[in-house]
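Visitor: Take this structure first; my questions come after.
The values are calculated or read from the model by the stated rules, or taken from the named source; none is laboratory data. Source: prediction; values computed, not measured. Quick reminder, even Gly has a Cβ in these numbers, built from the backbone with ideal geometry, and neighbours come from all protein chains shown.
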Amino acid sequence: MNNHDVAHWGHSLKYLKWDDKKTLTASQKLISRTVHEWYDAKHPAVSHEELKMVNGLTIDHCPICGSAEIIKYGCYKDGTHCYKCLSCNHKFSPLTNTIFYDRKIPISEWIEYLLYLFEFHSITTAARDNRNATSTGRYWLFKVFAVLKEIQNNVVLEGDVYIDEMYFSVIKEKVVEKDGKKLRGISRNKIGVAAGYDNHRHIVLIVENTSKPSIRSTWKALGTHIKPGSTLIHDGDNSHSVLISRLNLIEKKYTTSETKGLDDKDNPLDPINNLHSLAKKYMRAHGGYDRDNLQDWMNLISFILSEPDDRYEKVDRFIKLAIVSPQKVKYRDVMGNKVVK
């Protein structure tokens, strides 16, 4: 497969290169008709249910200026209600300034995309199976990031709280070497993430922007995410001491020497180890991710691994969040040279 063939997979699958030809062979006609049927099945028009949902949203202020002086102003071509602000004179729809604004593809198509995203599939695979351009999958990912930007802000771990750090490699261009060899262990070639989990299925994943946890970075990452008086279950890292002292936590410490070689069922740190394993598995499916967006990825993983477990309930929760989130993500602002696989 040459470079041209590889590049072709990034394009929309709506048209075939021979669609404009006046004469086609019998096999070309068959392939063309089949591909168009696939595409049409994957890209339906806005449904009655979607239009009813959108038009049923409560609109009480202008999304541009915030004024409550608004009136209904007819409908757009697709049947979506139009509103007009009497203060700033702008017209808008119920989806203005959300990630669904100016949608050329119905919200319903997001359902399959989100199911793929929540089930550890790569962006490329999701786009291909959904008959979208790979660039569409990448663009939508940044929209997902925008909706989930503050998803962890109010998460507070309580009861039995497990914490530990996990590490992700920096991009190749930033790898630090000594005497021509990469640094081993915890080094500047690693990006630390503080991870927390409690017995209520609450999850916190915060990028520490340091290759080795410190009292300062640990407190900044987790200080507001643990309820005072909780029980802290950890591996005894010195940086965790600040949480214990400032939040008056009960400590249960299990050092690496104590847990080494234990089966998962016998390891008291298995809940946090399992969180690490799932997070790293998810990131391996997206190996070309931009490290500058690592916190966005952690927000997404936190959302995926937290309750509800039912994937359709999770999609429902996301769509509801997206509709009420003032996040208008422009293509040109996020799709410069971003690499997401």
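Visitor: Taking helices (runs of 4 or more DSSP H) that do not extend beyond the stretch 35-131, which have at least 2 residues that are out of contact with any strand residue (DSSP E or B) (no Cβ under 7 Å at 6 or more places or on another chain) and at pLDDT 85 or above?
Guide: Correct list: 48-55, 108-118.
Visitor: Related question: Just to verify a result, which residue in the stretch 256-294, among those that are assigned to a loop (DSSP other than H, G, I, E, B) and under 16 Å from the mean Cα position of the chain (by Cα), is farthest from V334 (Cα to Cα)?
Guide: The selected residue is A285.
Visitor: For L205, indicate whether it is aliphatic (A, V, I, L, M), in contact with a helix residue (DSSP H, G or I) (Cβ under 6 Å, 6 or more places away or on another chain) and in the same structural domain as F118 (by TED's automatic domain parsing).
Guide: Taking the combined requirement at face value, the residue satisfies it.
Visitor: May I pose another question? Which of the residues that make up the stretch 17-31 are surrounded by 10 or more Cβ atoms within 10 Å (Cβ to Cβ), at pLDDT below 80 and more than 29 Å from K77 (Cα to Cα)?
Guide: W18, K21
Visitor: Those residues that are among the polar types (S, T, N, Q) and within 20 Å of E158 (Cβ to Cβ), I need them from the stretch 247-267; list them, please.
Guide: Scanning the stretch 247-267 gives a single hit, N248.
Visitor: Additional query: With S241, S302 as the choices, which residue is farther than 27 Å from S135 by Cβ and either without any contact (Cβ under 8 Å) to a residue 60 or more places away in the chain or outside any loop (DSSP other than H, G, I, E, B) (or both)?
Guide: S241
Visitor: Just to check your reading of the model, which residue among D310, D292 is free of Cβ contacts under 8 Å to residues at least 12 places away in the same chain and farther than 29 Å from P94 by Cα?
Guide: Only one candidate passes the filter, namely D292.
Visitor: Where in the stretch 134-222 are the strands (runs of 3 or more DSSP E), entirely inside, with at least 3 residues that are more than 26 Å from H121 (Cα to Cα) and modelled with pLDDT of 95 or more?
Guide: 160-169
Visitor: Pick out the one residue from I123, I70 that is over 30 Å from L16 (Cβ atoms) and β-branched (V, I, T).
Guide: Going through I123, I70 in turn, just one is over 30 Å from L16 (Cβ atoms) and β-branched (V, I, T): I70.
Visitor: Select from the stretch 228-257 the residues that are touching a Ser or Thr at 6+ places or on another chain (Cβ under 9 Å) and among the aliphatic types (A, V, I, L, M) and write down the one among them that is surrounded by the most Cβ atoms within 10 Å (Cβ to Cβ).
Guide: Looking at the filtered set, the residue picked out is L243.
Visitor: Go through N293, N273, N299 for me and flag whichever is surrounded by 13 or more Cβ atoms within 10 Å (Cβ to Cβ) and farther than 21 Å from R201 by Cα.
Guide: Result of the check over N293, N273, N299: N293.
Visitor: Could I ask something else about it? For the stretch 132-165, how many residues meet the condition of being in contact with a strand residue (DSSP E or B) (Cβ under 9 Å, 6 or more places away or on another chain) and surrounded by fewer than 22 Cβ atoms within 10 Å (Cβ to Cβ)?
Guide: Qualifying residue count for the region: 7.
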